[in-house]
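One structure is given below, encoded as structure tokens.
The values are calculated or read from the model by the stated rules, or taken from the named source; none is laboratory data. Worth saying up front: this structure is predicted, and the values here are computed from it rather than measured. With ideal geometry, Cβ positions are generated from the backbone for all residues, glycine too; neighbour counts draw on all protein chains shown.
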Amino acid sequence: MPVSGRRLADIVRRFAGIRVLVVGDLMLDRYVWGRVQRISPEAPVPVVHVTREEMRPGGAGNVVSNIAALGGRAAVCGIVGRDAAGKQLTDALARLGTSTDGVVRAAGQTTQKTRIIAHQQQVVRLDHEAGSGPDGASARRVRDFVLRARRRYDVLVVSDYAKGAVGPDLLDALAAARAREEFTWVVDPKRANFAHYRRASLVKPNRDEAAEAAGLEIRDRATLRAAGRRLLALWEAGAVLISRGEQGMALFKAGGAVEEFPTVAREVYDVTGAGDTVLATCALALGAGGSLEEATILANHAAGVVVGKIGTATVTAAELRAAVRRS
């Protein structure tokens, strides 16, 4: 059944009252912008003349940024290091109006990704991260905070970047809690925890993650549908939403219903963080009373806006409403 633009706009307007708890791997994204005018005499590499630098919350922090940009009220739970980057990241999240009560400061360094961009193109990325994940005590503090706090929020988001903030203890505890009572819980999965994403309302893998989790190469519509059905059973999920890049999205619901949504992106400059935008939009739409189909349509439009921007970007509620009107 077609969904009216007015209905979608009404859902977006309700985003402002939705409280979302985001738990996941927090990172600091640094952007170094510049221009290239010559090649280095020291090696065959471009010399970037720096014109500006910027820091943004990355990883699960980008989900928080998208929720804030769309008008939602976010709180965040994760782990940062006791270093300057950790303070910069926590301060940046707080400036978004986000509650950081669930952020755990631990030994080790905060994960940082530095992207050097010249003439609207990424030249290189530099990663700083600890060789091992967080200590067990820090991960337990994350788990305990989420289990205590989740009832204060309309939606729980798990943004797993496989850095250790999200693990089997937390996921198994959430699956057990959801077996006892209903709550809206959406997940962006990663390989290390494929066996533990049970009973979520919605799990949102990309095509490669879906193929690996299902143990099935996705080559065409038939294998896509086989993978989706297999993941519904594996994860005991209310729904699985497979993002497929330029091919759009496919929504699989418990009970057998399948619907495909073609991409609405007009221009694609950078896909960095588009999955975070989809996750944030789905969470807010479901929290606002939207159906799974309505949440997917809005997420598809939000992704179409954000891939037209450079870097880890966000989409505002006004931009999303405008995108819906254009469709």
The one condition in (1) at pLDDT 95 or above; (2) closer than 21 Å to residue 72 by Cβ; (3) surrounded by 21 or more Cβ atoms within 10 Å (Cβ to Cβ); (4) not aliphatic (A, V, I, L, M) that residue 243 fails to fulfil: (1)
Just the residues that are loosely packed, with under 14 Cβ neighbours inside 10 Å, in a loop (DSSP other than H, G, I, E, B) and modelled with pLDDT of 85 or more, please, taken from the range 119-146. 119
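With farther than 30 Å from residue 34 by Cα, among the aliphatic types (A, V, I, L, M), free of Cβ contacts under 8 Å to residues at least 12 places away in the same chain and assigned to a helix (DSSP H, G or I) as the only criterion, which of 283, 295, 322, 299 stands out? Break it down stepwise before answering.
Details: 283 fails: free of Cβ contacts under 8 Å to residues at least 12 places away in the same chain; 295 fails: free of Cβ contacts under 8 Å to residues at least 12 places away in the same chain; 299 fails: free of Cβ contacts under 8 Å to residues at least 12 places away in the same chain.
Selected residue: 322, the only one of 283, 295, 322, 299 that is farther than 30 Å from residue 34 by Cα, among the aliphatic types (A, V, I, L, M), free of Cβ contacts under 8 Å to residues at least 12 places away in the same chain and assigned to a helix (DSSP H, G or I).
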Residues of the range 179-237 satisfying the condition of being among the small types (Gly, Ala, Ser), more than 30 Å from residue 19 (Cα to Cα) and free of Cβ contacts under 8 Å to residues at least 12 places away in the same chain: 222
Collect the residues in the range 160-174 that are surrounded by 18 or more Cβ atoms within 10 Å (Cβ to Cβ) and either in contact with a helix residue (DSSP H, G or I) (Cβ under 8 Å, 6 or more places away or on another chain) or of a type in the set (Val, Ile, Thr) (or both), keeping them in residue-number order. 160, 161, 164, 165, 166, 167, 170, 171, 174
Of the numbered conditions (1) at pLDDT below 95; (2) under 21 Å from residue 59 (Cα atoms), residue 324 satisfies every one except a single condition; which is it? (2)
Here are the criteria: (1) out of contact with any strand residue (DSSP E or B) (no Cβ under 8 Å at 6 or more places or on another chain); (2) at positive phi. Tell me which single one residue 264 does not satisfy. (2)
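Would the range 42-50 turn up any residue that is under 22 Å from residue 143 (Cα atoms) and either modelled with pLDDT of 95 or more or in a strand (DSSP E or B) (or both)?
Looking only at the range 42-50, we keep the residues that are under 22 Å from residue 143 (Cα atoms), and these are none.
Among the residues of the range 42-50, not one is under 22 Å from residue 143 (Cα atoms) and either modelled with pLDDT of 95 or more or in a strand (DSSP E or B) (or both), which makes the answer no.
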